[in-house]
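Here the structure is laid out as structure tokens; the discussion comes afterwards.
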2 protein chains.
Amino acid sequence: MEVKILQDVLKANDAIARDNEEKFAGEKVFALNMMSSPGSGKTSILETTLEKMGKELRIAVIEGDIATTMDSERLIRFDIPVIQITTESFGNACHLDANMVGKAYAGLPPKPCDLLFVENVGNLVCPAGFKLGTERNVVVLSVTEGEDKPHKYPLIFRTADCVLINKVDLLPHLDFNLERVREALLAINPKLIVISLSAKTGEGFDAWLDWLREGVKNKKARS
Amino acid sequence: MEVKILQDVLKANDAIARDNEEKFAGEKVFALNMMSSPGSGKTSILETTLEKMGKELRIAVIEGDIATTMDSERLIRFDIPVIQITTESFGNACHLDANMVGKAYAGLPPKPCDLLFVENVGNLVCPAGFKLGTERNVVVLSVTEGEDKPHKYPLIFRTADCVLINKVDLLPHLDFNLERVREALLAINPKLIVISLSAKTGEGFDAWLDWLREGVKNKKARS
């Protein structure tokens, strides 16, 4: 019975995700689902990304959190369309779903955009199970979380297209082997793009910005 | 319909949690539910705790993870009863539930213990909703996760009895104000015991070990 209900929920979600996908395709928006543990630095990565390419591309953000508008307040200074979903009004949901994202997208100021970031609720488990209609999944893993995370949370890394290994500025103070983690990630998902960076220092951002440019270009090229 | 099913699931879980609670009371075991984001350092805290008081108290551990036995393997060297729950065999569950814990406890080597740690799946959201029958909830928050976490994940801090602020050895390299976070935690939950420590250096462990001793002593005193 529980399993049946869950299947129905996922099926309904998938249908709305397909609607979102069509909407993004029609408007040629390259949309990304950003997932990670709480505190891995998703919002900090968005801030540094906006500093570096906010004038080059038209960027919009949908922020997901259980409570507070703290994240969207951090992005207001960039004068971009940003909207906050707080899931406490959806039974404290531990992840975003396609319906929330579709409604939030419709509520964004009516401004065309090239690149849409959907920042999911901080959670390395549940968001992986719910499609949003975004084109790519980006998972942020910070070096302070330890080398074992790809092994212990395989699903989210299996569904990812790109993994950002963040906070590399802290590597000198930690016991974390980047190369070993990269290998573990690629063993789980050989197609992964793995980029090491620091939202604090800007180190490693060139590869990430290039990956974003490429995605936007490809999206525009498709009719 | 979904809400009804969820209520039934929680009701069934609560009944099993009460059975676990009676079992722990009967055997005078002080049982703790350890919760946090992935990589906050729950297992490292257990390692340092076992180094410091493994000979003083009889300690047992139930480890919860989605996949792998990596955490329980880290604890084997202490020669204590430890059992691993991998929730991938329970539909990749994002949290432990009372049934898993009851079964795991029954499966622990038949050795009396004073103190039982139940290390939950790394997740700052879902574990808060499921009682396990443990006496106290301990939430670990590491300083690398940022000051905003108590505001953004209020439920887990509201249900906590003790919060361990871990990785304080990294404070010189971060922008994290301990006092501000302590105030935020106490605003959410005025009864909280907040202890700052480092599992790496052992700093701050005295207060934590005293809190554990007190809990064990009180448990023994009750019939």
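The values are calculated or read from the model by the stated rules, or taken from the named source; none is laboratory data. The structure presented is a predicted model; accordingly, all values stated were derived computationally and were not measured. Using ideal geometry, Cβ is built from the backbone for each residue, glycine included, and neighbour counts are taken over all protein chains shown. Note: accessible area is taken over every heavy atom of the protein model, side chains too, but ligands, DNA and RNA are not part of it. Shrake-Rupley method; radii C 1.70, N 1.55, O 1.52, S 1.80 Å.
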Hey, among A:Val101, A:Val138, which residue is touching a Gly at 6+ places or on another chain (Cβ under 7 Å) and either in a helix (DSSP H, G or I) or in contact (Cβ under 8 Å) with a residue 40 or more places away in the chain (or both)?
A:Val101
Which numbered condition trips up A:Lys217, out of (1) under 30 Å from B:Leu174 (Cβ atoms); (2) part of a helix (DSSP H, G or I)?
(1)
Candidate set from region A:104-114 (those that are assigned to a helix (DSSP H, G or I) and in contact (Cβ under 8 Å) with a residue 24 or more places away in the chain); member that is farthest from A:Asn13 (Cα to Cα):
A:Gly107
Just to check your reading of the model, which residue among A:Asn13, A:Asn20 is within 14 Å of another protein chain (Cβ to nearest Cβ), under 22 Å from A:Asp161 (Cα atoms), touching a Phe, Trp or Tyr at 6+ places or on another chain (Cβ under 8 Å) and among the polar types (S, T, N, Q)?
A:Asn13
From the option list B:Asp206, B:Asp114, single residue qualifying as closer than 19 Å to B:Val61 by Cα and more than 14 Å from chain A (Cβ to nearest Cβ) is B:Asp114
Mind listing whichever residues of region B:202-222 are under 23 Å from B:Glu27 (Cβ atoms), within 17 Å of the chain's Cα centre (by Cα) and open to solvent by less than 50 Å² (accessible area, probe 1.4 Å)?
B:Leu209, B:Trp211, B:Leu212, B:Gly215, B:Val216
What residue, among those in region B:88-111 that are among the aliphatic types (A, V, I, L, M) and within 14 Å of chain A (Cβ to nearest Cβ), is least open to solvent (accessible area, probe 1.4 Å)?
B:Leu96
Taking the stated definitions as given, is B:Ile5 surrounded by fewer than 19 Cβ atoms within 10 Å (Cβ to Cβ) and within 14 Å of chain A (Cβ to nearest Cβ)?
yes
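Can you name the residue in region A:33-63 that is of a type in the set (Lys, Arg) and assigned to a helix (DSSP H, G or I) and, of all such residues, is nearest to the other protein chains (Cβ to nearest Cβ)?
A:Lys42
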When residues of region A:163-192 are limited to those that are loosely packed, with under 15 Cβ neighbours inside 10 Å and of a type in the set (A, V, I, L, M, F, W, C), the one nearest to A:Gly133 (Cα to Cα):
A:Ala187
Considering only residues that are over 18 Å from A:Ser36 (Cα atoms), open to solvent by 10 Å² or more (accessible area, probe 1.4 Å) and of a type outside the set (Lys, Arg), look in region B:135-150 and name the one that is nearest to the other protein chains (Cβ to nearest Cβ).
B:Asn137
Of the criteria (1) in a loop (DSSP other than H, G, I, E, B); (2) of a type outside the set (Gly, Ala, Ser); (3) surrounded by 17 or more Cβ atoms within 10 Å (Cβ to Cβ), which one B:Phe117 fails:
(1)
Which of the residues belonging to region A:178-196 are part of a helix (DSSP H, G or I) and of a type in the set (Val, Ile, Thr)?
A:Val181, A:Ile188
Given B:Ile66, B:Ile85, which one is of a type outside the set (D, E, K, R), within 14 Å of another protein chain (Cβ to nearest Cβ), over 23 Å from B:Ile165 (Cβ atoms) and in contact with a Phe, Trp or Tyr (Cβ under 7 Å, 6 or more places away or on another chain)?
B:Ile66
If I filter region B:125-134 down to residues being outside any helix (DSSP H, G or I) and either open to solvent by 40 Å² or more (accessible area, probe 1.4 Å) or in contact with a Leu (Cβ under 9 Å, 6 or more places away or on another chain) (or both), which single residue comes out as nearest to the other protein chains (Cβ to nearest Cβ)?
B:Val125
A:Leu155 part of a helix (DSSP H, G or I) and under 17 Å from A:Leu192 (Cα atoms):
yes
Closer than 30 Å to A:Asp8 by Cβ, within 14 Å of chain B (Cβ to nearest Cβ) and touching a helix residue (DSSP H, G or I) at 6+ places or on another chain (Cβ under 9 Å) - does that describe any residue in region A:171-186?
no
Set B:Ala199, B:Ala160: member being part of a loop (DSSP other than H, G, I, E, B), crowded, with 22+ Cβ neighbours inside 10 Å, within 15 Å of the chain's Cα centre (by Cα) and away from chain A (no Cβ under 12 Å):
B:Ala160
When region A:41-67 is checked residue by residue, the ones that are touching a Pro at 6+ places or on another chain (Cβ under 9 Å) and either at positive phi or of a type in the set (Gly, Ala, Ser) (or both) are A:Ala60, A:Gly64, A:Ala67
Checked B:Lys52, B:Lys42 against criteria (farther than 17 Å from B:Lys111 by Cα, in contact with a helix residue (DSSP H, G or I) (Cβ under 9 Å, 6 or more places away or on another chain) and open to solvent by 40 Å² or more (accessible area, probe 1.4 Å)); the one match is B:Lys52
Take B:Asn166 and tell me if it is on the phi < 0 side of the Ramachandran plot, more than 12 Å from chain A (Cβ to nearest Cβ) and under 16 Å from the mean Cα position of the chain (by Cα).
no
